[in-house]
């Protein structure tokens, strides 16, 4: 609703229900009993939630009578389960994700954002991407034909190149500082820009899909995609019976980068009922080799674009491993696996294909049959639930 016209919470409720032809009931204490036939009960309630300007988290208002909703970034009379919060309402910069016109032209400044737009069926809207966006395959074809402009590197988008595409919406990635500043610059120039969350887990990936879908006008596609992902995750989790300890690394270097907690890879490991040996660290961390020997993972998964999916390259990786790596149960039992080539692209991006990474990791630790120690362009051959995802 237009909060310049309606700012009192109950006036907004009445106007919104009238506009949508909803019935509603409020008791003598001004507690909402029902909206549109959906009733509050012992497990769910209708409450007034707001996001304070400059923040990103929802706050439930306990005193609503004198609240001025125009003072908040977004507000909602929301039906939630006890202890839960409403669906995401603002982007990573604290700007409301509601009220945008359907987008005909979009720019994606990271490969994961490009994949989200592609998964929603919006490739035809793309007029600009970063240089590393290469999936779905149609994106590469449109880049080569000139229909999609390369607007910069993933870490260094170029303002002038973005503006030349005349986009309806630009999508930025808050994991990159230059994207945060670019988002602000674009909005100051009255160009619609959305700053997505940094993809540190499944929750933020699902939030980003919802935000892109809603702001593009593809909200039904987004909700369908989210439902599909959750269904895939449940099925994979149900079939994953192992409880191994795993280290996920970005190279076979003695002192490598590994996934700690608050990463989507940590979520993947937890979802398949395994243990991330570096869950005591936060984010992607650079570790010393002594820590690998001390934590002794039973499985090691290396996600890298520096090697090919061949026995020769795999043998080379094993030959350069440090003594600390070779002291682990993972090495002794032949449980060092490499995800490379296009499979590495899939595994390194916080987007819809994370369900494929989840299934591939489950295959690695649960397979009863012989599987290779390396997965490349043919990684889908080892998937069933998400093979054609």
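Quick notes
- Once Rg and the Kirkwood radius are both taken over the C-alpha atoms of region 169-269, their ratio Rg/Rh works out to 1.08.
- Computed from Cα atoms, the angle from the helix 177-188 axis to the main principal axis of the chain rounds to 30 degrees.
- Structure-derived log10 I(q)/I(0) by the Debye sum over Cα atoms at q = 0.10, 0.14 Å⁻¹: which label, when the choices are (i) -0.53, -1.14; (ii) -0.66, -1.26; (iii) -0.75, -1.22: (iii)
- Gyration tensor (alpha-carbon) shape descriptor, region 241-382, a/c threshold 1.5: rounded
- Angle between the chain longest axis and helix 219-239 axis [Cα atoms, degrees, rounded to 10]: 40
- Helical content alone sets the calculated 222 nm signal of the chain at -10500 deg cm²/dmol, taking -39,500 (n - 2.57) per DSSP H segment of four or more residues and averaging over every residue.
- Sequence ranges 100-109, 260-269, 188-197, ranked by mean other-Cβ count within 10 angstrom, highest first: 260-269, 100-109, 188-197
- Selected from 362, 306, 110 as most flexible by GNM, with the chain as the system and alpha-carbon contacts under 10 Å: 306
- In degrees, nearest ten, helix 9-20 long axis to first principal axis of the chain (Cα): 80
- Each of the peptides 234-240, 246-252 was scored by the mean count of other Cβ atoms within 10 Å over its residues; in descending order, highest first, they stand as 246-252, 234-240.
- The Rg/Rh ratio for region 106-235, using Cα coordinates for both the radius of gyration and the Kirkwood hydrodynamic radius, is 0.96.
- Alpha-carbon radius of gyration plus Dmax, which is the widest Cα pair, for region 1-66 in Å: 12.7, 35
- Distance from region 260-303 to region 56-131 (C-alpha centre basis), Å: 31
- The chain: most fluctuating residue of 232, 340, 17 per GNM, C-alpha cutoff 10 Å: 17
Coordinate-derived values only; no laboratory data. This is a predicted model, so every value here is computed, not measured. All Cβ positions, glycine included, derive from the backbone under ideal geometry; neighbour counts span all protein chains shown.
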